[in-house]
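Some notes on the structure that comes next.
Every read-out reported here was derived from the displayed coordinates using simple, explicitly stated rules and does not represent laboratory data. In this text the structure is predicted, and so the values were computed from the model without any measurement. Because the Cβ atoms are built from the backbone with ideal geometry, glycine has one as well, and the counts that use them run over all protein chains shown.
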Amino acid sequence: MSYSYDSAGRMTSATTAQGETAIAYDAAGHIAQITYPNGRSLAYGYDDAGRRTSMTDQDGHQQNYSYDSAGRLHTLGDESGTLVTYSYDAGGNLAREDKANGTWTTYSYDAASHLTAIDNHAPSGSVSSFVHYGYDDAGLRITQDTQDGHWAYGYDASGQLTAADFTSIKPGLADKHLSWTYDAAGNRTQSVEDGVVTHYTVNSLNQYTQVGDETFTYDADGNMVTRTGPVGTTTYSYDANNRISGITTPDGHSTTYEYDIFGNRSAQVQDGVRTEYLNDPSGLGNLVASFDTAGVATSHYQYGLGLETAADTSGSHSYYEADGVGSVTALTNVGGATANSYAYTPFGAELYGNESIANSFEFNGSLGVSTDPSGLTNMRAREYDPLLGKFCRKTQLQD
């Protein structure tokens, strides 16, 4: 890889085997445009206070932002108009989101500014879904109530979650009883799910080498390279920067990954089918658009205070709803009806998922975190396994 810089010491280009990525700046020193090797680009606009007011891709698709008198994000829009409007309470907490499909969400807080309620409203005004939280004196969440039922949580003296019990009020959805025990380093030694006990074996590097009937091996950099269970072995490969570059499952399915110069995933090839991604490298590196094998955009994603909408090839928007940890609980369609719904156990395993709109943003999804076909959660810096409650590789800070 080679780099070029301007007289102010700012990087203006980076060249890899994939080609050159170019970065241009405005007179105030803000990034004005990024152009990737495949010709896709993002151009940015700013106000006099240096706040981003627009982002436009190579095809003219926009994300537009406005701010209130306190400098807080007030609206998110695209070329079709305003998509989401934000309102805040006297303490500066987000109080309400109004969405262009007629739905809205309200947020409530206690005296300590802990989030106590998220209520999602249908265009008719009825509450379509909700999540309400209760806290102990240490600020740990000890209860969660939703339209599906009631969760109760327990913790040890270190604040680690030791128990989660779900009592269902949703027809067809069973109760769930979960518990965990840990060693002194915080690794699991045992978990119990509805009476089924799973034991964990940990090596000196705090890596799980056996979990129940599965065994795991790692390379010298601490990356998980094999996972072997009753149905066979899944293998993982990594690039020179210890990012997952390939996964092969026991049934022969394979997925490979590519990354841009900023470390964001730029392409996925699953069983020979290629999908490319356009990422906004500022902030968290959010996915802006997906493209099929022919290079045609299949989805555009709009971000305000989180992931708010996805637009399909016709420009029709779906709107995301999320819980207090940023996990997507529902998508509503352009008419405001619920199209997808989800629920999760505490470490991100899916309790249920009902979909009529294709969606990869589930656990922590409103933060731009996506779930891979392998079941791993791509948290950008590394991949997380919700079944293990653990990351699959070390970060560079751990090296």
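At q = 0.17 Å⁻¹, work out log10 I(q)/I(0) for segment 135-209 with the Debye formula, treating every Cα as an identical point scatterer and leaving solvent out; two decimals please.
-0.75
Using label points projected 7 Å from each Cα along Cα→Cβ, tell me how many nm separate ASP165 and ALA381, to one decimal.
Distance between the two pseudo-spin positions: 3.6 nm.
Treat every Asp and Glu Cβ in segment 135-180 as -1 and every Lys and Arg Cβ as +1, leave all other atoms uncharged, and give the resulting dipole magnitude about the Cα centre to the nearest 20 debye.
160 debye
Please arrange SER126, SER237, SER370 by how many other C-beta atoms lie within 10 Å of their C-beta, fewest to most.
Working: SER126 8, SER237 14, SER370 20.
Lowest count first: SER126, SER237, SER370.
Sticking with the crude label model, points 7 Å out along Cα→Cβ, report the distance from GLU350 to ALA111 in nm, one decimal please.
Each label point is offset 7 Å from its Cα along the Cβ direction, giving 4.3 nm.
Tell me whether segment 268-379 comes out rounded, prolate or oblate; compute the Cα gyration tensor, take square roots of the eigenvalues as a ≥ b ≥ c, and use a/c under 1.5 as the rounded threshold.
Rounded is the answer for segment 268-379, as its axis ratio a/c remains below 1.5.
By counting other Cβ atoms within 10 Å of each Cβ, how are GLU362, GLU193 ranked from fewest to most? If you can, show how the numbers build up before the last one.
Details: GLU362 22, GLU193 15.
Final ranking by Cβ density, sparse to dense: GLU193, GLU362.
Of GLY159, LEU83, GLN63, which is farthest on the positive side of the dipole of segment 37-166, counting Cα position, with +1 on Lys and Arg Cβ, -1 on Asp and Glu Cβ, and the Cα centre as origin?
Result: GLN63, furthest along the dipole toward the positive end.
Using each residue's phi in segment 287-292, evaluate 6.51 cos²θ - 1.76 cosθ + 1.60 at θ = phi - 60° and report the 3J(HN,Hα) Karplus result to the nearest Hz, with x for Gly and Pro.
Couplings: 6, 9, 7, 10, 10, 7 Hz.
Could you check how many percent of all C-alpha pairs in the chain are farther apart than 32 Å?
Working: 33194 of 79401 pairs.
Tail fraction, whole percent: 42.
Enter the per residue convex hull volume of segment 47-124, computed from alpha-carbon coordinates, in Å³ rounded to the nearest integer.
Details: hull volume 9.2 nm³, N = 78.
Per residue, the Cα convex hull of segment 47-124 comes to 118 Å³.
What ranking do ILE31, ILE261, ILE169 get, fewest neighbouring Cβ atoms within 10 angstrom at the top? Show your work: numbers first, answer last.
Numbers: ILE31 17, ILE261 21, ILE169 11.
Starting with the residue having the fewest Cβ neighbours, the order is ILE169, ILE31, ILE261.
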